[in-house]
Structures are given as structure tokens and as C-alpha cells.
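These notes are about the structure you will find just below.
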Amino acid sequence: MSAPAKHVQTTIRLPGRLHAQLSQLSEMLGKPVSKLMLEGLQSYLVQKLIEVESDARDLAEAARALREADGDYLGRVEADAAAEAAIADDPVEGRIVRGRVRKPAAAPRFDREAILGFRP
């Protein structure tokens, strides 16, 4: 993957009141509106990435707790797999693939630094 561009220009439409507030804050702080918007967006992205990571962690923990609460989880999975394998010609399953099976791709990981342009 190639490195992202240092800066990319984009256009957004803001409600008039929000733009007025940004302009007023810009004057008060002596910072350009674009800098304020960039700082706000970076802060928002950090917050959202933390929320997404936390939600994923909570979901994984809940799934693990359910699995651990079921004493015969692995036994039932093995029984289901054996029952499924015993069906000789299951039209729902499609065609049987013989030979080498490709390993599924790993789930994408969040690269905070690449997304935000800095290490939080």
C-alpha cells in the first residue's frame, strides 16, 4: 500500500451557525478555521477508534463468556460438524471442493497512525 498524501484538499458544507461559531473561535484563538477543523476531526477520530476497539473487545468478551458458560460447547461443535459432514449431497452447500483450500484473509486492523496522521 502506498503512503497517503501529506495533505488532501476536500470540501464540506457546514450549517451557517456552525461556520459562524468556527469563525468566532478562530478570531478568539488566532488560529485558522482549517486548523480548528483539523484538530476537531483528529480528536473525533481518536474518540471513535477507541469506541470501535472497545465495542469489539466487549463483543469478543461476551462471546467468550457464552462459550465458557456452555460446558459442552466443543462437543456440540464437533457433533454439528460430524452431522453436517455426514450429509452426502446437500444442495444448500453448493459443490464440493477438492484439493487445496485457501486460508481466509486476516481481518483488517485499525492503523491509527495511518488514519490520523499521528500516533495518539
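Check the range 4-14 and report whether any residue there is in contact (Cβ under 8 Å) with a residue 24 or more places away in the chain and either surrounded by 10 or more Cβ atoms within 10 Å (Cβ to Cβ) or not aliphatic (A, V, I, L, M) (or both). Yes, because at least one residue in the range 4-14 is in contact (Cβ under 8 Å) with a residue 24 or more places away in the chain and either surrounded by 10 or more Cβ atoms within 10 Å (Cβ to Cβ) or not aliphatic (A, V, I, L, M) (or both).
Considering (1) in contact with a Lys or Arg (Cβ under 7 Å, 6 or more places away or on another chain); (2) at pLDDT 90 or above, the lone condition that Met37 does not fulfil carries the number (1).
The values are calculated or read from the model by the stated rules, or taken from the named source; none is laboratory data. Just so we're clear, the structure is a prediction, and the values are computed from it rather than from any experiment. We place every Cβ from the backbone using ideal geometry, glycine too, and count neighbours over all the protein chains shown.
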